[in-house]
2 protein chains.
Amino acid sequence: MKKNYLDDIQDTLLLGAGPSGVAPSTYRAISTNIIGHLDPYFIEIMEQIKSGLRELMGTQNEVTVPLSGTGSSGMEAAFVNTVERGDKVLILENGVFGNRMEDVASRLGAVVTKEEFEWGTPVRPERVRELLAQDHYKIVAIVHAETSTGVRNPVEEIGQIVHDAGSLYLVDAVTSLGGIPVEVDKWHADICYSGTQKCLSCPPGAAPITFSPAAMEVVANRSCKVPNWYLDMNMLTKYWGGSKRVYHHTAPISMMFALYQAIYNIQAEGLENVYARHMRVHKRLVAGLEKLGLKMLVEPQYRLPELNTVLIPEGIDEAKLRAQLLDKYHIEVSGGLGALAGKVIRIGLMGYNATDENVDRLLAAMKEIMADMAASSAA
Amino acid sequence: MKKNYLDDIQDTLLLGAGPSGVAPSTYRAISTNIIGHLDPYFIEIMEQIKSGLRELMGTQNEVTVPLSGTGSSGMEAAFVNTVERGDKVLILENGVFGNRMEDVASRLGAVVTKEEFEWGTPVRPERVRELLAQDHYKIVAIVHAETSTGVRNPVEEIGQIVHDAGSLYLVDAVTSLGGIPVEVDKWHADICYSGTQKCLSCPPGAAPITFSPAAMEVVANRSCKVPNWYLDMNMLTKYWGGSKRVYHHTAPISMMFALYQAIYNIQAEGLENVYARHMRVHKRLVAGLEKLGLKMLVEPQYRLPELNTVLIPEGIDEAKLRAQLLDKYHIEVSGGLGALAGKVIRIGLMGYNATDENVDRLLAAMKEIMADMAASSAA
């Protein structure tokens, strides 16, 4: 009998930047017996997912669907459907995912202006106002919750400015959806996408996305077809559409079962309760970290409760800390990216894993490891 | 308590054009507890998937990975990585998926020549030879197993011709992989992709793809970046690569567990045994259908064992036949596409569901329904 490597896999408490932990009910859902992608039962699941996503995303947009790819396919779809060669795009960057937006949009022929803000600080609305007074952009793009830094950007205030300037407003909500309020309509967001593996507590593999009527008008009136058949919203809208469905591709059925259940779980707990829980465990974590003598990268008012970036003082090897957490305590946390590599760890408290017990388990483990490290460096 | 629509879902015997049935071991695999996408255990699963796919696809290509999207994302990746604006592409079309290739390639700026062959008949190698004598094409593309008609195209013979002409050879193996031999290296195929939800008996949601060294040289030496960040093989190769991995996107972990197990199951049975089983049940089906007075669309030597296209005689309403199979017998078969809509049904005998028992259950159900139909039309 050939070795089965799945047998080796250890249970791990996922407290990193994603994927997050998955509820037992969602594991059951993902292993529901497959049915056809044109089966009436599957059509019903599709309808329920669409209406659930509208509630979670705070939108009335008819075009609100999960794409058949991970969160990164959401970023790709957001730009490839709306950008044409030569279009001006303003990207408000304060982390890795803002930089990725520049790469994605440039490849499609956009003329990108990237405005950089210091990592760990938010995008400043007054600067956006100045930029939009100087030039007109077809699209202004921002990341709501920067996974690389733990910063929450003031997307509502900026949304009003972008709306007044007559640009399309594109918001990345990968790490926010299901953890902090996402209010697409209130923000005047025209395109907003997310992933499933963060605060939705669903495995990675689908990307919720929504397009406002104004954004869909741009997509429908392009001078050429969307240069991406797989992510063409004109076709996807017909596949996911109401009475008359047109076959496009075979949806990832099992992932859709899981997403349905993940949304169901959030609705059953109640959105407001879910947000309150994320905030409560975040405060518990920060208080505990401060007791350990650790400081947060981000000022309190811009912190994401679901993604906590912790400064690691000189003398502590953060890679060793993370390795010991994983190997000895079976807890995963994430390291820093880009300029923050080696200087921070990132602790995710997302969805199903955002509990007091998990916070306490992590803090206890960190305390032991840090005491060991102090003892061995003193020795 | 809110209604949970997953509770409504009926067990269905999937004998359509896909998705196919999934083995219990693969359902267990897909609900394995999630680990991080950078976890050493996950890296091991990735390595096993790559080597397993090489065996199944008959190739030594280092670049042999699953994409994080359904089979259609494989087609997208095949063209978007290799096509640049103005490149000549020859598409050998004898079904829906050949037509889709034309759409995908055209959107990317390719100058497409589509050579049509009658649906239900194979692409003719001598015609390909003529076309390649008249003009040079950067890429020649073909579908190995046309899911819309049930035809197996002579990809090996055509591969030699394309190779001699110095074009890149692009083969769609969505419905063939795991059902009939796929021999990428022997065929001189430069790019070959598949889906998971056909003969691999894995849920939809990933697309195995392989690029020859010659194809990767074209990708590496493009005049501009691949206009699709999500499917850029230069970056994906580094993410899936050997010793030094560069983060790209979060892989669909659960789907990867399922794909690992699906490959494991095929290897445990033995590739040759799997092909023999598909052929045996196909012959049993055809014999049974002929007893019911039904004829096949495709000539015997070009038939796919895993996808059987059956002509439905006048007087039998094929939509009603399929509806009764689904509602009363919980068996899904597929209707015809395009010009074949209303004229045929398509019976899939793929992977886990390719068994004598399933063939007999389907034939018994069809016999009853057709007898009822005959009785009620005589009344």
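For the range A:191-207, state whether one or more residues are hydroxyl-bearing (Ser, Thr, Tyr) and away from chain B (no Cβ under 14 Å).
From the range A:191-207, those hydroxyl-bearing (Ser, Thr, Tyr) are A:193-194, A:196, A:201; that's our starting set.
Among the residues that remain, those that are also away from chain B (no Cβ under 14 Å) are: none.
Within the range A:191-207, not a single residue is hydroxyl-bearing (Ser, Thr, Tyr) and away from chain B (no Cβ under 14 Å).
Taking the options A:ARG280, A:ARG322, name whichever one is farther than 24 Å from A:ALA374 by Cβ and assigned to a helix (DSSP H, G or I). Before the answer, list the steps.
Details: A:ARG322 fails: farther than 24 Å from A:ALA374 by Cβ.
Residue meeting the stated conditions: A:ARG280.
Yes or no: A:LYS225 open to solvent by 10 Å² or more (accessible area, probe 1.4 Å), within 13 Å of chain B (Cβ to nearest Cβ), charged (D, E, K, R) and within 24 Å of the chain's Cα centre (by Cα)?
On the way: open to solvent by 10 Å² or more (accessible area, probe 1.4 Å): yes; within 13 Å of chain B (Cβ to nearest Cβ): yes; charged (D, E, K, R): yes; within 24 Å of the chain's Cα centre (by Cα): no.
Here the answer is no, as A:LYS225 does not meet what is asked.
Could you tell me which of the residues A:ALA287, A:ALA319, A:ALA341, A:ALA268 is open to solvent by 70 Å² or more (accessible area, probe 1.4 Å) and free of Cβ contacts under 8 Å to residues at least 24 places away in the same chain?
Working: A:ALA287 fails: open to solvent by 70 Å² or more (accessible area, probe 1.4 Å); A:ALA319 fails: open to solvent by 70 Å² or more (accessible area, probe 1.4 Å); A:ALA341 fails: open to solvent by 70 Å² or more (accessible area, probe 1.4 Å).
Going through A:ALA287, A:ALA319, A:ALA341, A:ALA268 in turn, the sole match is A:ALA268.
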Item to check | Residues satisfying the stated conditions in the range B:171-200, i.e. closer than 20 Å to B:ASN273 by Cα and surrounded by fewer than 24 Cβ atoms within 10 Å (Cβ to Cβ) | outcome: B:ILE180, B:PRO181, B:GLU183
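Given the structure, is A:ALA110 of a type in the set (A, V, I, L, M, F, W, C) and more than 10 Å from chain B (Cβ to nearest Cβ)? Write out each step before concluding.
Details: of a type in the set (A, V, I, L, M, F, W, C): yes; more than 10 Å from chain B (Cβ to nearest Cβ): yes.
In short, yes.
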Item to check | Of all residues in the range B:228-244 being within 13 Å of chain A (Cβ to nearest Cβ) and among the aromatic types (Phe, Trp, Tyr), the one that is surrounded by the fewest Cβ atoms within 10 Å (Cβ to Cβ) | outcome: B:TYR239
Next on the checklist: Suppose we filter the range A:221-264 for residues that are in contact with a helix residue (DSSP H, G or I) (Cβ under 7 Å, 6 or more places away or on another chain), without any contact (Cβ under 8 Å) to a residue 12 or more places away in the chain and not basic (Lys, Arg); how many remain?
Outcome noted: 2
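Could you go through the range A:303-319 and let me know if any residue there is polar (S, T, N, Q), under 22 Å from A:LEU13 (Cβ atoms), at pLDDT 95 or above and over 19 Å from the mean Cα position of the chain (by Cα).
Restricting attention to the range A:303-319, the residues satisfying the condition of being polar (S, T, N, Q) are A:308-309.
Those still in the list that are under 22 Å from A:LEU13 (Cβ atoms) too: A:308-309.
Within this subset, residues satisfying the condition of being at pLDDT 95 or above are A:308-309.
Among the residues that remain, those that are also over 19 Å from the mean Cα position of the chain (by Cα) are: none.
No, the conditions are met nowhere in the range A:303-319.
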Item to check | Enumeration of residues in the range B:66-92 that are open to solvent by 10 Å² or more (accessible area, probe 1.4 Å) and either over 19 Å from the mean Cα position of the chain (by Cα) or more than 8 Å from every other protein chain (Cβ to nearest Cβ) (or both) | outcome: B:GLU84, B:ARG85, B:GLY86, B:ASP87, B:LYS88
Checklist entry - In the range B:21-65, which residue that is at the interface with chain A (Cβ under 8 Å from one of its Cβ atoms) and small (Gly, Ala, Ser) is most open to solvent (accessible area, probe 1.4 Å)? => result B:SER31
Next on the checklist: Only one of A:TYR260, A:TYR247 is open to solvent by less than 50 Å² (accessible area, probe 1.4 Å), among the aromatic types (Phe, Trp, Tyr) and out of contact with any strand residue (DSSP E or B) (no Cβ under 9 Å at 6 or more places or on another chain). Can you tell me which?
Outcome noted: A:TYR260
Next on the checklist: Taking the conditions exactly as written (touching a Lys or Arg at 6+ places or on another chain (Cβ under 8 Å) and more than 9 Å from chain B (Cβ to nearest Cβ)), does A:VAL123 satisfy them or not?
Outcome noted: no
Item to check | Of all residues in the range B:235-275 being assigned to a helix (DSSP H, G or I) and of a type in the set (Phe, Trp, Tyr), the one that is nearest to A:MET1 (Cα to Cα) | outcome: B:TYR264
Next on the checklist: As an exercise: evaluate A:ARG322 against (1) out of contact with any helix residue (DSSP H, G or I) (no Cβ under 8 Å at 6 or more places or on another chain); (2) on the phi > 0 side of the Ramachandran plot and give the number of the one condition it does not meet.
Outcome noted: (2)
Next on the checklist: Cβ-Cβ distance below 6 Å, separation of 6 or more or different chains: which pairs start in the range A:1-19 with a residue that is aromatic (Phe, Trp, Tyr) and end on one that is modelled with pLDDT of 95 or more?
Outcome noted: A:TYR5/B:ILE45; A:TYR5/B:GLN48
Checklist entry - Of A:GLU115, A:GLU130, A:GLU102, which residue is touching a strand residue (DSSP E or B) at 6+ places or on another chain (Cβ under 9 Å), acidic (Asp, Glu), away from chain B (no Cβ under 14 Å) and surrounded by fewer than 22 Cβ atoms within 10 Å (Cβ to Cβ)? => result A:GLU115
Checklist outcome for this item: Given (1) open to solvent by less than 30 Å² (accessible area, probe 1.4 Å); (2) in contact with a helix residue (DSSP H, G or I) (Cβ under 9 Å, 6 or more places away or on another chain), B:LYS295 misses just (1)
Next on the checklist: Of all residues being of a type in the set (Ser, Thr, Tyr) and facing another protein chain (nearest Cβ under 7 Å) in the range A:2-20, which is most open to solvent (accessible area, probe 1.4 Å)? Just the residue, please.
Outcome noted: A:TYR5
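Can we say A:LEU304 is away from every other protein chain (no Cβ under 14 Å), surrounded by 22 or more Cβ atoms within 10 Å (Cβ to Cβ), aliphatic (A, V, I, L, M) and farther than 30 Å from B:SER106 by Cα?
Working: away from every other protein chain (no Cβ under 14 Å): yes; surrounded by 22 or more Cβ atoms within 10 Å (Cβ to Cβ): yes; aliphatic (A, V, I, L, M): yes; farther than 30 Å from B:SER106 by Cα: yes.
So A:LEU304 fits the description; yes.
The values are calculated or read from the model by the stated rules, or taken from the named source; none is laboratory data. Keep in mind it's a predicted model, so treat the numbers as computed, not measured. Cβ coordinates were reconstructed from backbone atoms using ideal geometry, including for glycine residues, and neighbour counts include every protein chain displayed. Surface areas here come from the heavy atoms of the whole protein model, side chains and all, with no ligands, DNA or RNA. Shrake-Rupley method; radii C 1.70, N 1.55, O 1.52, S 1.80 Å.
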